[in-house]
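Trainee: Okay, handing you the structure first.
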Amino acid sequence: MSQDLHLQTLTQLAVGLGNGTFSSVDITEALLDRIESHNGALNAFITVTAEQALADAQRADAARASGNAGPLNGLPIVHKDIFCTRDVLTTCASRMLENFVSPYDATVVRRMAEAGAVMLGKSNMDEFAMGSSNETSYFGPVMNPWNLECSPGGSSGGSAAAVAARLTPAATGTDTGGSIRQPAALTGTVGLKPTYGRVSRYGMIAFASSLDQAGVITRSTTDAAMLLGVMAGFDERDSTSINQPVPDYVAGLDKSLKGLRVGIVRQHFDAGLDENCGVAVKEALALLEAQGAILTEVDLPNLELSVPTYYVVAPAECSSNLSRFDGVRFGHRAKDAEDLFDLYCRSRGEGFGAEVKRRIMTGTYVLSAGYYDAYYLKAQQVRQLIADDFRKAFADVDVIAGSTAPTPAFKLGAKTDDPITMYLSDIYTIGANLAGLPGISVPCGLVDGLPVGLHLVGAHFGEETLLNCAHQYEQATDWNDACPEGYQ
Ligand code: GLN
């Protein structure tokens, strides 16, 4: 029985827990064993919380026995190491926070725990979520279970690799420019980035506050819908959290796609897209059409400016957010500093990696007197134009579909010397962050044995439509069940 617990989705595990086929302790033990045997090769975890997980699982089983099972009772979850977890290390994959233990839980962590979820550990990621390949982590890169020489994408690469390798059915992630959707695409998993403001950012270490949003990586859209229902909702501790009712996302999954208007951006099928990925995505679109969706072309004239715009706005915000890591209040502190200024310089010099430093330098430059108008202000104006383009497009369509990433997983090391090429990994996803829109990536094919993701973007608070569309597509294919060899 317990042999195949790792292959079950959250929804399947919930059924088994409910009818007493197995316990949360059974699940937790099975997955901790999987992590133990596979994490050495994948490096998907920074911290494994085995003891705490088993204790939580016992508590969950006891709660169920006494009739107090919450919606996620006994179900496993892994949190990206950017979410603060009380009494457990939260490193953000940086030397700066190598020894940081938060005194409180992030709202996402707290809500899941209150619903009964059992945390297995904290996943590896790009340092401070800056990257698209998980290679900027102070704790080393994550390997893609589909091919250990390839990157799983980033920055939520540890979460994506852990879900793809069946070490956990679900993990949280954060998406500032594509960091949930792109790794989901590259690992054959489902990645959901909700509308900006839908999920609280409280306790999620800030990278670019106007773009960051928490979401999940799972193996099915039903699981993503179930988790979103728990995570979403107003939080007075996050001033950008929006007070809107949380619908029952699972209940909306079964609607037919008849009449759903799906927009296609022609430029997204240009030369920048790998030919084979293009074929897989077009097949997925044809399937949506066969299910009753109406495909139309939409024009987003300013979208080509999204990557340059993002790489002004995100570094600007990061340079401000990361100024708190000064070696005084918390974080890495350099030894033998001569004076306060020297302490700042050395602590930050030693604590941050190369990519984070590049972002901070770019950010302080675009915010500095004399350049602010030319760069930062201009980028904010272009951001508005991009958001307007989307707003106009969503008058005519319900979702916009395309490829999540321009290529399947690339080799580790292939892009590390060329930041611009790396930055282009998110070319199709960044627009949704700039406009605050929800997006989802679902598996839609394999190219040379590597997964491809179908990307759907919705209007603000259009998660139900997105999940419904993704779910109907998923019902008609078996790409979600594809499992990398050796991880069955
Ligand atoms: N790859 C993008 C970056 O490096 C996006 C990262 C993210 O979404 N956190 O900034």
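The values are calculated or read from the model by the stated rules, or taken from the named source; none is laboratory data. Quantities reported herein were computed from a predicted structural model and do not represent experimental measurements. When we count neighbours, we look across all protein chains shown, and the Cβ atoms used for this are built from the backbone with ideal geometry, even at glycine. Heavy atoms of the whole protein, side chains included, go into the accessibility calculation; ligands, DNA and RNA do not. Shrake-Rupley method; radii C 1.70, N 1.55, O 1.52, S 1.80 Å.
Trainee: Report, ordered by the first and then the second residue, all pairs with beta carbons closer than 7 Å, sequence separation of six or more or different chains, a first member in the stretch 98-110 that is in contact (Cβ under 8 Å) with a residue 24 or more places away in the chain, and a second member that is of a type in the set (Gly, Ala, Ser) and in a loop (DSSP other than H, G, I, E, B).
Mentor: Partner pairs satisfying both residue conditions: PHE100/GLY331; TYR104/GLY203; ASP105/GLY203; ALA106/GLY203; THR107/SER200; THR107/GLY203; VAL108/SER200; VAL109/GLY203.
Trainee: If THR407 meets every condition in (1) outside any loop (DSSP other than H, G, I, E, B); (2) surrounded by fewer than 21 Cβ atoms within 10 Å (Cβ to Cβ); (3) of a type in the set (S, T, N, Q); (4) within 16 Å of the ligand (Cβ to nearest atom) apart from one, which number is that one?
Mentor: (1)
Trainee: Would you please name the residue that is surrounded by the fewest Cβ atoms within 10 Å (Cβ to Cβ), looking only at residues in the stretch 372-404 that are among the aliphatic types (A, V, I, L, M) and in contact with a Cys (Cβ under 9 Å, 6 or more places away or on another chain)?
Mentor: Keep residues of the stretch 372-404 that are among the aliphatic types (A, V, I, L, M), which gives 374, 377, 379, 382, 385-387, 393, 395, 397, 399-401.
Within this subset, residues satisfying the condition of being in contact with a Cys (Cβ under 9 Å, 6 or more places away or on another chain) are 399, 401.
Details: VAL399: 26, ALA401: 24.
Among them, the one singled out is ALA401.
Trainee: Is there a residue in the stretch 415-422 that is open to solvent by 10 Å² or more (accessible area, probe 1.4 Å), within 14 Å of the ligand (Cβ to nearest atom) and within 19 Å of the chain's Cα centre (by Cα)?
Mentor: Going through the stretch 415-422, the residues open to solvent by 10 Å² or more (accessible area, probe 1.4 Å) turn out to be 415-422.
Next, from what is left, pick out any that are within 14 Å of the ligand (Cβ to nearest atom): 415-416, 418-422.
Okay, now just the ones that are also within 19 Å of the chain's Cα centre (by Cα), so 422.
Checked the stretch 415-422: at least one residue is open to solvent by 10 Å² or more (accessible area, probe 1.4 Å), within 14 Å of the ligand (Cβ to nearest atom) and within 19 Å of the chain's Cα centre (by Cα).
Trainee: Oh, and also: Going through the stretch 269-289 one residue at a time, which ones are open to solvent by less than 70 Å² (accessible area, probe 1.4 Å) and of a type outside the set (A, V, I, L, M, F, W, C)?
Mentor: GLY272, ASP274, GLY278
Trainee: May I pose another question? Those residues that are open to solvent by 30 Å² or more (accessible area, probe 1.4 Å), acidic (Asp, Glu) and closer than 23 Å to PHE139 by Cα, I need them from the stretch 321-352; list them, please.
Mentor: Answer for the stretch 321-352, where residues must be open to solvent by 30 Å² or more (accessible area, probe 1.4 Å), acidic (Asp, Glu) and closer than 23 Å to PHE139 by Cα: just GLU350.
One line per residue, one yes/no per condition, for (1) of a type in the set (Lys, Arg); (2) surrounded by 22 or more Cβ atoms within 10 Å (Cβ to Cβ); (3) within 16 Å of the ligand (Cβ to nearest atom):
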position	(1), (2), (3)
ARG181	yes, yes, yes
THR187	no, yes, yes
GLY197	no, no, no
ALA214	no, yes, yes
LEU228	no, yes, no
ASN243	no, no, no
TYR249	no, yes, no
GLY252	no, no, no
GLN267	no, no, no
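Trainee: Then there's this: Please go through the stretch 353-371 and pick out each residue that is within 14 Å of the ligand (Cβ to nearest atom) and either at pLDDT below 95 or open to solvent by less than 70 Å² (accessible area, probe 1.4 Å) (or both).
Mentor: GLY353, GLU355, VAL356, ARG359, ILE360, THR362, GLY363
Trainee: Under 8 Å between Cβ atoms, at least 6 apart or on separate chains: pull out the pairs that start in the stretch 293-317 with a residue that is among the aromatic types (Phe, Trp, Tyr) and end on any residue that is within 16 Å of the ligand (Cβ to nearest atom).
Mentor: TYR310/GLY177; TYR310/LEU211; TYR310/ASP426; TYR310/ILE430; TYR310/ASN433; TYR310/LEU434; TYR311/THR362; TYR311/TYR423
Trainee: Something else now. Taking the stretch 257-292, which residues are modelled with pLDDT of 95 or more and polar (S, T, N, Q)?
Mentor: Correct list: ASN276, GLN291.
Trainee: Among the helices (runs of 4 or more DSSP H) lying completely within the stretch 1-119, list those that include at least 2 residues that are charged (D, E, K, R).
Mentor: Because the criterion is at least 2 residues that are charged (D, E, K, R), the helices (runs of 4 or more DSSP H) in the stretch 1-119 that meet it are 24-42, 50-65, 107-114.
Trainee: Which of the residues spanning the stretch 20-54 are touching a residue at least 60 places away in the same chain (Cβ under 8 Å), surrounded by 18 or more Cβ atoms within 10 Å (Cβ to Cβ), of a type in the set (S, T, N, Q) and more than 21 Å from SER156 (Cα to Cα)?
Mentor: The answer is SER24, THR28.
Okay, residues lined up against (1) away from the ligand (no atom under 16 Å from the Cβ); (2) in contact with a Gly (Cβ under 8 Å, 6 or more places away or on another chain); (3) closer than 26 Å to GLU464 by Cβ:
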residue: GLU127; (1), (2), (3): no, yes, no
residue: PHE139; (1), (2), (3): yes, no, no
residue: GLY157; (1), (2), (3): no, no, no
residue: THR172; (1), (2), (3): no, yes, yes
residue: MET204; (1), (2), (3): no, no, yes
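Trainee: I've got another one for you. Considering the stretch 360-404 alone, what residues qualify as being in a loop (DSSP other than H, G, I, E, B), within 30 Å of CYS345 (Cα to Cα) and touching a residue at least 40 places away in the same chain (Cβ under 8 Å)?
Mentor: none
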